[in-house]
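What follows is calculated from the coordinates using simple rules that are stated; it is not laboratory data. Keep in mind that what you see is a predicted model, and the values were worked out from it rather than measured. With ideal geometry, Cβ positions are generated from the backbone for all residues, glycine too; neighbour counts draw on all protein chains shown.
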Amino acid sequence: MTKLSTYYAKRDFGKTKEPRGSVAKGDKHRFVIQRHAATRLHYDLRLELEGVYKSWAVTKTPSLDPAVKRLAVEVEDHPIEYGTFEGTIPEDQYGGGTVQLWDRGTWRSQSDTPVRDLAGGHLKFVMEGERMKGKWALIRMRDDKHRPGAKVRHNWLLIKEIDDEAARGSKGDALAKETTSVKTGRTLDQIAAKSTKVWNSKRSVKENVAALKKTAKKKAPTKKPAGKKKTTKKKPVKRKRA
Ligand code: MN
């Protein structure tokens with residue numbers, strides 16, 4: 001079983017065999033937060049650890065107020081390659097909707113034992129992102145035992161720790177005003193309407209990465225010269241690619 005086995009189990013890869021996520025070493029690790037307009041808008045927090053992105057779906061904008069706890073539902077590990085993705089996932093697929101790169105940067109554990117801390121349900125860390133900064137904590141809650149046999153989805157709390165970046169009261173909601181991509185400056189609506197980048201959950205990571213590179217190449221020479229005026233009427237917005 002790989003660390004990504006759940007990720008792969010949820011997606012239909014057929015019989016492809018390819019490298020499954022690269023390993024990055026060092027005390028500082030990457031993190032990303034992908035704002036995801038799926039059935040419900042949420043923030044996918046991904047912390048790189050042992051070659052994968054440990055992942056949580058945070059149900060509301062992270063709060064800078066240490067008194068405010070945000071529910072963070074543990075989801076399956078994600079491949080590192082997915083962390084730069086911004087675009088759309090077809091509606092009928094797992095995670096269907098629009099994905100915006102909302103924050104990125106590095107994180108480091110406040111202890112020397114982040115793997116053990118995560119296993120124990122208690123991770124304290126420091127984020128150096130464009131939006132998320134300073135000390136944060138992830139605390140696992142008790143599992144729901146009312147559904148025997150069901151696969152447990154661990155619920156965690158994402159909490160700002162007291163430091164210079166913390167802000168009390170309404171100032172703690174400051175991050176809710178950040179609605180653009182740190183990668184492209186686009187809003188979710190703009191990504192949904194204009195993005196040609198599609199992550200196909202039924203394909204392997206390698207296939208997706210290759211397809212995205214192709215899209216980028218194809219797009220480059222067709223750039224219209226600046227200043228050219230559009231005279232055509234507004235066309236209905238295309239959300240999906242064929
Ligand atoms: Mn998501």
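For Lys197, a cut-off of 17 angstrom between C-alpha atoms picks up these aspartates and glutamates, skipping any fewer than 8 places away in its own chain: Glu81, Glu86, Glu91, Asp92, Asp189, Glu207. Dividing the C-alpha radius of gyration of segment 26-220 by 2.2 N^0.38 Å, with N its residue count, gives 1.04. When +1 charges are put on Lys and Arg Cβ atoms and -1 charges on Asp and Glu Cβ atoms, the dipole computed for segment 26-220 relative to its Cα centre reaches about 540 debye.
Residue farthest toward the positive end of the dipole of segment 26-220, with Cβ of Lys/Arg at +1 and Asp/Glu at -1: which of Ile33, Thr180, Tyr53? The Cα lying farthest towards the positive end belongs to Thr180.
Need the full-extension length gain, Asp112 to Met141, defined as separation in residues times 0.36 nm minus the C-alpha distance. One decimal, nm.
The Asp112-Met141 span can extend by a further 8.2 nm.
Out of Phe85, Trp136, Val73, whose Cα points farthest toward the positive end of the dipole of segment 26-220 (charges: +1 Lys, Arg; -1 Asp, Glu; placed on Cβ)? Result: Phe85.
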